[in-house]
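Colleague: Just passing along the structure, written as structure tokens.
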Amino acid sequence: MSRVNAPSDDLPGFTRIYSGKVRDLYTPATTESSAGDPDDDLLLVVASDRVSAFDHVLEPGFPGKGELLTTLSLWWFDRLAVPNHLVPDHRLDGSSVIPAEVAGRSMLVKKLDMYPIECVVRGYLTGSGWKEYQATQTVCGIRLPDGLENGDRLPEPIYTPAYKAPLGEHDENIDFDRTVELVGPQIAAELRDLSLAIFAEASAVAEARGVILADTKFEFGRDPDTGATTLGDEVLTSDSSRYWDAFAWESGQTPEQRMASFDKQIVRDWLAANWEDDGVTPPPTLPGEIVERTAARYRELLERLTGDAVG
Ligand code: ATP
Ligand code: MG
């Protein structure tokens, strides 16, 4: 089956070096005359319209997804009080560095030495956390009060890091001590503190707009020039986060009503009901109605948060 929105190997001035499930990474193409350019430490991160769930890329993607996620990421980067990897998109003559064919769904960023940690923060109990809680009253080993329900707010947000597994392997939940082994005590503490601080800041912004940020994942890297811990990857998108409608959460009676999500939960739920992952059978093609409902929720999230109508 052909991949939706398959990446092109090269874009004018760029060479593809990596493709994740959803995004493609390019470096500025080196020519003899550009060797040693300061551009060598740049990356172009291109968001495709591909949709992934349970670590599989699904068919079909949805048109406009890459642009929606990029717009949201840029909007958040601009608001957060933490150094990030964005590089202004202009040459000395003022023209754009980003090729026209991927404009609107690309970010020009500084290449960081990424820490191999997915910095997950959870403000609410759901998903894999809810499953673990039901079995052991813990989430990623952190003990929680008893009597919590699916979708409940946690007494305070918790940091539940994961090891970012190499390509093709599943990420693995780890405890804070393991992050200390991976990156040292100082960086481990910095990643945790920054993650919790950004989560608190972003939750307040979202809540003021009637949106709950239930959980999210950040990725940080080290700026090779300054050594500063810098926020990389995408940030607070509906791919990397769970977002719910605050009004539905307040008034809903059932877990489904309370967790009216602006993310790909619709896709996860449909897949869970229609497919058994036996490691061999590929996921089924998503029905048009599921794709359209998910796309509409992604658009609504962007409108709610930014206040701009999304066409
Ligand atoms: P998955 O499909 O599971 O998300 P992935 O995380 O490898 O796999 P993408 O998220 O599509 O795939 O690709 C983005 C990649 O770019 C990630 O590996 C991320 O860590 C890396 N990355 C993001 N920002 C930077 C940066 N500024 N410098 C270097 N690498 C970065
Ligand atoms: Mg990723």
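The values are calculated or read from the model by the stated rules, or taken from the named source; none is laboratory data. On a predicted model such as this, the values are computed, not experimentally measured, just so you know. Every residue, glycine as well, gets a Cβ built from its backbone with ideal geometry; the counts of neighbours run over all protein chains shown. These area figures cover heavy atoms from the full protein model, side chains too; ligands, DNA and RNA do not enter into them. Shrake-Rupley method; radii C 1.70, N 1.55, O 1.52, S 1.80 Å.
Colleague: Excluding THR71 itself, calculate the net charge of residues whose Cβ lies under 12 Å from the Cβ of THR71, where each Lys or Arg counts +1 and each Asp or Glu counts -1. Intermediate values should be presented prior to the final figure.
Modeller: On the way: positive: LYS65, ARG105, ARG299; negative: GLU67, ASP78, GLU234, GLU303, ASP308.
After counting each charged neighbour, the total is -2.
Colleague: Can you order the peptides 141-148, 126-133 by their average number of other Cβ atoms within 10 Å per residue, highest first? Display every interim value, and only then the final one.
Modeller: On the way: 141-148: 12.5, 126-133: 18.2.
Final packing ranking: 126-133, 141-148.
Colleague: Let a ≥ b ≥ c be the square roots of the eigenvalues of the Cα gyration tensor of segment 31-137; is it rounded (a/c under 1.5), or, if not, prolate (a/b larger than b/c) or oblate? It would help to have the intermediate numbers written out before the result.
Modeller: On the way: a/c = 2.35, a/b = 1.83, b/c = 1.28.
It is prolate, given that a/c is not under 1.5 and a/b is the larger ratio.
Colleague: Another question, if that's okay. Considering only C-alpha atoms, what is the centroid distance from segment 69-101 to segment 228-252, in Å?
Modeller: Taking the Cα centre of each part, segment 69-101 and segment 228-252 sit 20 Å apart.
Colleague: Report relative contact order for the chain in percent, whole number only (criteria: Cα-Cα under 8 Å, sequence separation at least 6).
Modeller: Working: 523 pairs, mean separation 50.8, N = 311.
Reported relative contact order: 16 percent.
Colleague: Could you report segment 14-111's accessible area per residue, 1.4 Å probe, as an integer in Å²? Kindly include the intermediate steps, with their values, before the conclusion.
Modeller: Details: 4600 Å² over 98 residues.
That works out to 47 Å² for each residue.
Colleague: If each DSSP helix of 4+ residues adds -39,500 (n - 2.57) and the sum is divided by the residues in the chain, what number results at 222 nm, nearest 500 deg cm²/dmol?
Modeller: Values: 8 runs with 95 residues, N = 311.
Computed mean residue ellipticity for the chain: -9500 deg cm²/dmol.
Colleague: Sticking with this one: Report, in listed order, any pair from LYS21/LYS111; LYS111/LYS217; LYS111/LYS264 with a Cα-Cα distance greater than 22 Å.
Modeller: Cα-Cα > 22 Å for LYS111/LYS264; rest within.
Colleague: Sticking with this structure for a sec: Assign one of three labels to segment 114-306, namely rounded, prolate or oblate, based on the Cα gyration tensor with a ≥ b ≥ c the square roots of its eigenvalues; rounded applies when a/c is under 1.5, prolate when it is not and a/b is larger than b/c, and oblate otherwise. Please list the in-between numbers first.
Modeller: Working: a/c = 1.43, a/b = 1.34, b/c = 1.06.
Rounded.
Colleague: Which ³J(HN,Hα) values, rounded to whole Hz and listed in residue order, are derived for segment 235-252 from phi using the Karplus coefficients 6.51, -1.76 and 1.60 in 6.51 cos²θ - 1.76 cosθ + 1.60 with θ = phi - 60°, glycine and proline given as x?
Modeller: 9, 6, 8, 6, 8, 9, 9, 9, 10, 10, 6, 5, 5, 5, 5, 5, 9, x
Colleague: Could I ask something else about it? Using the crude model of +1 on Lys and Arg Cβ and -1 on Asp and Glu Cβ, and no other charge, please compute the dipole size for segment 95-241 relative to its Cα centre, in debye to 20.
Modeller: Details: 13 positive and 25 negative charges, 43 e Å.
Using Cβ point charges on Lys, Arg, Asp and Glu, segment 95-241 gives about 200 debye.
Colleague: Now a separate question. Which FRET efficiency, nearest 0.05, do ALA29 and SER52 yield, Cβ-Cβ r, R0 45 Å? Before the final figure, lay out each step's value.
Modeller: Working: r = 28 Å, r/R0 = 0.62.
Efficiency, from the Cβ-Cβ distance: 0.95.
Colleague: When the dipole is taken about the Cα centre of the chain, and only Lys, Arg (+1) and Asp, Glu (-1) are charged at their Cβ, what size is it in debye, to the nearest 20? Kindly include the intermediate steps, with their values, before the conclusion.
Modeller: Details: 29 positive and 53 negative charges, 105 e Å.
Result for the chain is approximately 500 debye, rounded to the nearest 20.
Colleague: Highest mean first, how do 293-301, 267-275 rank when packing is the count of other Cβ atoms within 10 Å averaged over residues?
Modeller: Details: 293-301: 19.3, 267-275: 15.3.
Result, highest mean first: 293-301, 267-275.
Colleague: As a test of understanding, state the convex hull volume per residue of segment 154-252 from its alpha carbons, in Å³.
Modeller: Working: hull volume 13.1 nm³, N = 99.
It is 133 Å³ per residue.
Colleague: Cα centroids of segment 166-186 and segment 256-300: how far apart, whole angstrom?
Modeller: Here the two parts' Cα centres lie 29 Å apart.
Colleague: Karplus couplings for segment 93-101 from phi (6.51 cos²θ - 1.76 cosθ + 1.60, θ = phi - 60°), rounded to Hz, Gly and Pro as x?
Modeller: Result, rounded to whole Hz: 7, x, 6, 7, 7, 6, x, 4, 5.
Colleague: Say we join alpha carbon atoms closer than 10 Å with springs in a Gaussian network model of the chain; which of VAL180, VAL139, VAL211 then has the biggest fluctuation?
Modeller: Per the Cα network of the chain with a 10 Å cutoff, VAL180 tops the list.
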